[in-house]
Amino acid sequence: MIISGKELSAKLKAEMAERVATFPAEYGRVPHLVVILVGEDPGSVSYVKGKAKASAEVGIRNTTIRRPDTITEDELLGMIAELNADDGVDGILVQLPLPKHIDEDKIIAAIDKSKDVDGFHPLNVAALWQKQPCTLPCTPKGIMKLLKDSGVELAGRKAVVIGRSTIVGLPVAKLLLDENATVTITHSRTKNLADVTREAEILVVAIGRPKFVTADMVGDGAVVIDVGVNRDPETGKLCGDVDFEACEPKASLITKVPGGVGPMTIACLIENTIEAFLKKVAK
Ligand code: NAP
């Protein structure tokens, strides 16, 4: 069976739209997300468009600020300082990656923690690992919603995550651990990877290599979550890290690319923006 992120995200966005429609009467305005896009990277341009489209669907305000890749680090820091100080801005997202002359960590740390709707700020990351209230990073949050909505039991089950990035692999492993799964994190130096992944009852794949996970790496009845967004070198079409056609017959549940984790990431970004807004107006 296919787990559809497209369907679940549509349902979540419709629910959020209903709530947001009540905000002008209740709070005098709707949540405001500001997205900063530096440069013209086609992938980033398309992600930013997707975020603006989802904002419109839910009825939140979205401002996309575009700057050339010649912008200096100081100029970008100055923009963030202004947005931090602006009471009419609830969420700030700087689309990554940034040009090499800009220190991404410095930029992320400069965003006010309460406006960090990506959940990448060091204080949010620390709070996640200390089980404190925090803004969850959007992709791991979306993956957990997909698993829960599909009724996947996590407590006591073997989960394997391929990839240990700070934005996907590590936080999703932590969230699975918090749900009492027994979690193994694998990476490029893992020996006999297929032996490890075949044991997984829940397999989350976040590598960035087209169709890397083949049928022999998936155990019978596994739940497979494919985070990858790649171009298939043969067809040029969008594809995941999992060879879907080969693995689908072995999996009990599996996500597809596109239409799986991607739309959930965006829905969670909107949710994080609404949560940041509500925390502010509730003060
Ligand atoms: P990343 O920072 O490049 O991390 C990739 C991870 O995969 C690393 O931990 C790396 O191991 C591991 N890896 C690479 N080759 C491997 C191999 N041969 N065997 C086992 N592990 C291997 O990537 P990321 O940011 O996590 O993104 C991963 C993928 O998810 C990309 O395709 C990205 O576009 C996609 N993504 C999708 C969404 C969404 O919303 N759908 C959001 C974020 C990312 P080492 O640590 O040892 O190098």
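Observations
- Over all pairs of different C-alpha atoms in the stretch 84-201, the reciprocal of the mean inverse distance, the Kirkwood hydrodynamic radius, equals 15.8 Å.
- Cysteines in the chain that, by Cβ-Cβ distance, have no pairing candidate under 4.7 Å: 134, 239, 247
- In plain terms, the chain from residue 220 to residue 158 could stretch by 21.0 nm, reckoned as 0.36 nm per residue minus the Cα-Cα distance.
- Alpha-carbon centroids, the stretch 52-77 and the stretch 137-211: separation in whole Å: 31
- Test item: Cα-centred dipole of the stretch 142-283, Lys/Arg +1 and Asp/Glu -1 on Cβ, debye: 620
- Rounded to the nearest 20, the Cβ-based charge dipole of the stretch 1-51 about its Cα centre (Lys and Arg +1, Asp and Glu -1) stands at 80 debye.
- Tail fraction, Cα-Cα pairs, the stretch 159-283, threshold 25 Å, whole percent: 27
- Gain in span if fully extended, residue 100 to residue 40, counting 0.36 nm per residue against the direct Cα distance: 20.2 nm
- Considering only 56, 71, 99, the residue lying farthest towards the positive end of the dipole of the stretch 21-114 is 56, judged by Cα position with unit charges set on Cβ.
- Among the listed pairs 131/250; 174/279; 106/256; 115/211; 113/145, a Cα-Cα separation exceeding 29 Å is found for 131/250; 106/256; 115/211.
- Where labels lie 7 Å past Cα in the beta-carbon direction, separation of residue 18 and residue 235 in nm: 3.6
- Computed helical MRE - 222 nm, the chain, DSSP H runs ≥ 4 contributing -39500 (n - 2.57), nearest 500: -13000 deg cm²/dmol
- Whole-angstrom gap from the stretch 230-283 to the stretch 98-130, using each part's C-alpha centre: 21
- Label-point separation, residue 56 to residue 194 (7 Å along Cα→Cβ), nm: 4.7
- Scanning residues 5 or more positions from residue 64 or on other chains, those with amide H under 5 Å from its amide H are 35, with H placed 1.01 Å from N in the peptide plane.
- Taking a ≥ b ≥ c as the square roots of the eigenvalues of the Cα gyration tensor, the stretch 1-127 is prolate, since a/c reaches 1.5 or more and a/b is larger than b/c.
- Most positive-pole-ward Cα, 150, 169, 187, against dipole of the stretch 109-201 from beta carbon charges: 187
- Intensity falloff of the chain expressed as log10 I(q)/I(0), Debye formula with alpha-carbon point scatterers, at q = 0.12, 0.15 Å⁻¹: -0.77, -1.17
- Using a cutoff of 8 angstrom between alpha carbon atoms and counting only pairs six or more residues apart, the relative contact order for the stretch 67-129 works out to 34 percent.
- For the stretch 1-153, size of Cβ-based charge dipole, Lys and Arg +1, Asp and Glu -1, in debye: 580
- All-pairs Cα distance distribution in the stretch 1-43, expressed in whole percent, bin size 5 Å: 5, 16, 14, 14, 15, 16, 13, 6, 1
- Working from Cα pairs under 8 Å separated by at least six residues, relative contact order for the chain is 20 percent.
- For residue 239, the residues whose amide H sits under 5 Å from its own are 230, 231, 232, ignoring neighbours fewer than 5 places away on the same chain, with H placed 1.01 Å from N.
Each value in this text was obtained by applying a stated rule to the coordinates, not by laboratory testing. As the structure is a computational prediction, the values presented were derived from the model and not from experiment. So basically every Cβ, Gly included, is an ideal-geometry build from the backbone, and we count neighbours across all protein chains shown.
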